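Structure record follows, encoded as structure tokens.
We did not get these values from a lab; they are worked out from the coordinates using the rules stated. Since the structure is predicted, the reported quantities are computational estimates derived from the model, not experimental observations. Every residue, glycine among them, receives a Cβ derived from its backbone with ideal geometry; neighbour counts consider all protein chains shown.
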Amino acid sequence: MTTFPGRYEPRFGPALCDGKVLFRLWAPKQRRIGLQLGQKTYSMQNHGGWHCLPVAADFGARYRFVLEDGMTVPDPASRFQPEDVHGPSELVDPTAYRWRNTNWRGRAWHETVLYELHIGTFTPEGTFASAAQQLGRLKELGVTAIQLMPVADFPGQRNWGYDGVLPFAPDAAYGRPEHLKAFIDEAHGLGLSVLLDVVYNHYGAEGNYLPLYAPVFTERHRTPWGPAVNYDDEGSAEIRAFTIENVLYWLKEFRLDGLRFDAVHEIRDAGERHLLAEIRAAVGAVIDDRPVHLVLENEENSAEWLARQPDGTPTFTAQWNDDVHHALHVAVTGEDAGYYGDYARRPELLGRALAQGFAFQGETMPYRGSIRGQPSAHLPPHAFVAFLQNHDQIGNRALGDRIHHRHPLQAVKAAAAAYLLAPQIPMLFQGEEWAASTPFTFFCDVEGELADAVRKGRREEFSRFPEYAEPQARDAIPDPVSEQTFLSAKLLWQERESPLHAEMLDWYRRILAVRAARIMPLMPMLPKAGRYRIGQDGIVCVDWRSTSETMLRLVLNLSDAPKPMKKPPDGDPIWTEGQWEGTVLGAWTAVWTMETPRGSST
């Protein structure tokens, strides 16, 4: 078990020490390590697996470590890799950037409207600097927080970011560390929070030299990527410390407002105290000047990680709610292949997901063939992040098509109205707000046998879907290694000016304005889940009662035919998407109403 004091004291990577730079590497598998600094190579001192050496060096100098067999490797805690993952590390001054918005103290979680973006495809240039120039537009939209896909150094010039191998180094394809800090600084100046997606469940296949000198993996557990990262086997204490220090590094040195933890169900830890619990404790001990939002992706839907303390303090702030997405998606599209089959023709799952968070709370899912989820009705709605689109749910489709590419905008808007005004935390995916024409297909930049394996794996992944059962159909799937696949995902910002896209953009602005005015003020007074019922012909009805007795209601018809209701929705309408006349709810219609007690101004 690793413990952290109430301060941030980095142990990995270079450190200033008595006018010199202390280079250090934990390499217990190596008896001797050399330090290659510029044109010179030095012998480092081995102190129980820690190889250290203080040397005079200037910021900007490039260095590598030399293993016993002569192989040179980058620093696993490198702060910048100007020549990519196989090149030398650069000595970076962590204090060089001069922050402008030093008074920033974050935003409350209930105010959050997330916007997920990928730096490489968000703008034509694909850099931190160019992305920062668009932040004003996101604020005008009604977004209050940015969710960055992973930026840790990955092989090549293009990647989703989940194949990172150097977790402390922002990828050079996007810019330097100070450019990322400038992006965050600019966001804070506009009142926007910034969260970063981080990956601690595996390392990428190319450029990961850690196994050569440290026990980074364990055969005790298996994951979809092979042996699990070693968090509970021999030598795990330093691996855990490395990961926890990375968490604190992003929050302290880059002043991020939170992190999104990728696929925590694949963080295998059977030790005395789970790594996630240690991460939460370390963040609580070190960060006390602003709220920090820690968000999970967890396929197992474990409500215990979202538990609230008696004072309302969360263990982890929220979890991405795939159940809301899946239920909304199948209602709009009618798709029932793969995991969508678990949600098809089951409107009660949509009602439960909107009201209580998890649609499955201990039931067996036919597609998974296993029990999933824990009871979640005791959690507040803002413990969940709801969305209709995200990088996975678009990019994991064979063609990377967005939901509006195949289905009517009216249907998409009705589903979007359901999640955008729900008291869960809404998240948009880049370009969603103007119905972007561009796809978002999986892409990476690798060569040789690994490239062949990626291509083959991508096509085999879809072989179980009927429309791609034949080899010739799978040949039409975009090549994930091709640069053109990456370029096709870049947003076309000029689209926003054309009539159809401009109309959609205006729609998102208006509905997010209603959220800011009517839903956000209510959310702190919604400590528990809502109630749901399924009406005639599959109409979904959900209501949430606040501590002030205000009632928020949703009546939803996600079908292509009008549906009768026993009575009209109660309360004052705050948003109607589609048509509602008396006791008839039109096709693709979402009606939001609010009933406030007499004398209340909510």
Of the labelled options [x] 35.5, 124; [y] 24.8, 83; [z] 24.3, 78, which one gives Rg and Dmax of the Cα atoms in Å as computed for this structure? [y]
Beta bridge orientation in segment 129-288: antiparallel %, DSSP, nearest 5: 45 percent
Please turn the phi angles of segment 574-590 into ³J(HN,Hα) values with the Karplus equation 6.51 cos²θ - 1.76 cosθ + 1.60 (θ = phi - 60°), one per residue in order, whole Hz, x for glycine and proline. 10, 6, 10, 10, x, 10, 9, 10, x, 9, 10, 9, x, 4, 6, 10, 10
Under Karplus coefficients 6.51, -1.76 and 1.60, residue-wise ³J(HN,Hα) of segment 35-46 in Hz, glycine/proline x: 10, 9, 10, x, 9, 10, 10, 10, 8, 8, 8, 9
Residue (of H86, P347, S482) at the positive-pole extreme of the chain, dipole from beta-carbon charges: P347
Taking H placed 1.01 Å from N in the peptide plane, check which residues at least 5 places from L166 or on another chain put their amide H under 5 Å from its amide H. D153
How about segment 271-318: which trypsin sites (Lys or Arg not before Pro) there lie in a loop by DSSP and see at most 16 other Cβ atoms within 10 Å? R273
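Could you give the dipole magnitude of segment 353-432 about its Cα centre, charging the beta-carbon of Lys and Arg +1 and that of Asp and Glu -1, in debye to the nearest 20?
Details: 6 positive and 4 negative charges, 26 e Å.
That gives a dipole near 120 debye.
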Could you give the dipole magnitude of the chain about its Cα centre, charging the beta-carbon of Lys and Arg +1 and that of Asp and Glu -1, in debye to the nearest 20? 1300 debye
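In what order do L22, L505, L554, L251 fall by count of nearby beta-carbon atoms within 10 Å, going from fewest to most?
Working: L22 14, L505 19, L554 25, L251 22.
By the 10 Å Cβ count, ascending: L22, L505, L251, L554.
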If packing is taken as the average number of other Cβ atoms within 10 Å across a peptide's residues, how do 577-584, 300-307, 345-352 rank, most packed first? 345-352, 300-307, 577-584
When only alpha-carbon atoms count, how far does segment 93-161 stretch along each of its three principal axes, as whole angstroms with the largest first? 37, 32, 20
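Helix-only estimate, please: 222 nm mean residue ellipticity of the chain, summing -39500 (n - 2.57) across DSSP H runs of length 4 or more and dividing by its residues, to the nearest 500.
Values: 15 runs with 142 residues, N = 602.
One gets -7000 deg cm²/dmol as the mean residue ellipticity at 222 nm.
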The residues V295, V481, sorted from fewest to most surrounding Cβ atoms within 10 Å, come out as V481, V295
Unit charges at the beta carbon, dipole of segment 40-106: most positive-side option, T102, Q45, A56: T102
Positive-end extreme of charge dipole, the chain - chosen from P380, Q430, M504 (charges on Cβ): P380
By the gyration tensor of its Cα atoms, with a ≥ b ≥ c the square roots of the eigenvalues, what is the shape of segment 15-90: rounded for a/c under 1.5, prolate for a/b over b/c, or oblate? oblate
Helix 275-286 against the longest principal axis of the chain: what's the angle in degrees, Cα atoms only, rounded to the nearest 10? 80 degrees
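Would you work out if segment 415-509 is rounded, prolate or oblate? Take a ≥ b ≥ c from the square roots of the eigenvalues of the alpha-carbon gyration tensor; rounded if a/c is under 1.5, else prolate when a/b is larger than b/c, oblate otherwise. Write out the running numbers ahead of the final one.
On the way: a/c = 2.43, a/b = 1.88, b/c = 1.29.
Note, shape of segment 415-509 comes out prolate.
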To the nearest 10 degrees, the tilt of helix 177-189 (Cα long axis) against the first principal axis of the alpha carbons of the chain is 30 degrees
Fewest Cβ neighbours within 10 Å first, please rank S376, S482 accordingly. S482, S376
Of all DSSP beta bridges having both residues in the chain, the percent classed as antiparallel (nearest 5) is 70 percent
Can you tell me the 0 to 90 degree angle between the C-alpha axis of helix 409-420 and the longest principal axis of the chain, rounded to 10? 70 degrees
Can you list the lysines whose alpha carbon is less than 20 Å from that of K563, not counting same-chain residues fewer than 8 positions off? K413
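Rounded if a/c is under 1.5, else prolate if a/b beats b/c, else oblate: with a ≥ b ≥ c from the C-alpha gyration tensor eigenvalues square-rooted, which is segment 72-203?
On the way: a/c = 1.91, a/b = 1.63, b/c = 1.18.
Prolate.
Against the globular-protein guess of 2.2 N^0.38 Å, express the Cα radius of gyration of segment 527-595 as a ratio, rounded to two decimals. Walk me through the intermediate numbers first.
Details: Rg = 11.8 Å, N = 69, 2.2 N^0.38 = 11.0 Å.
Working it through for segment 527-595, the quotient is 1.07.
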Across segment 553-569, in residue order, what do the Karplus-derived ³J(HN,Hα) couplings come to in whole Hz, using 6.51 cos²θ - 1.76 cosθ + 1.60 with θ = phi - 60° and x for Gly and Pro? 10, 10, 10, 9, 10, 9, 8, 8, 9, x, 10, x, 10, 5, 8, x, x
Contact order relative to length for segment 151-307, counting C-alpha pairs under 8 Å separated by 6 or more residues, stands in percent at 22 percent
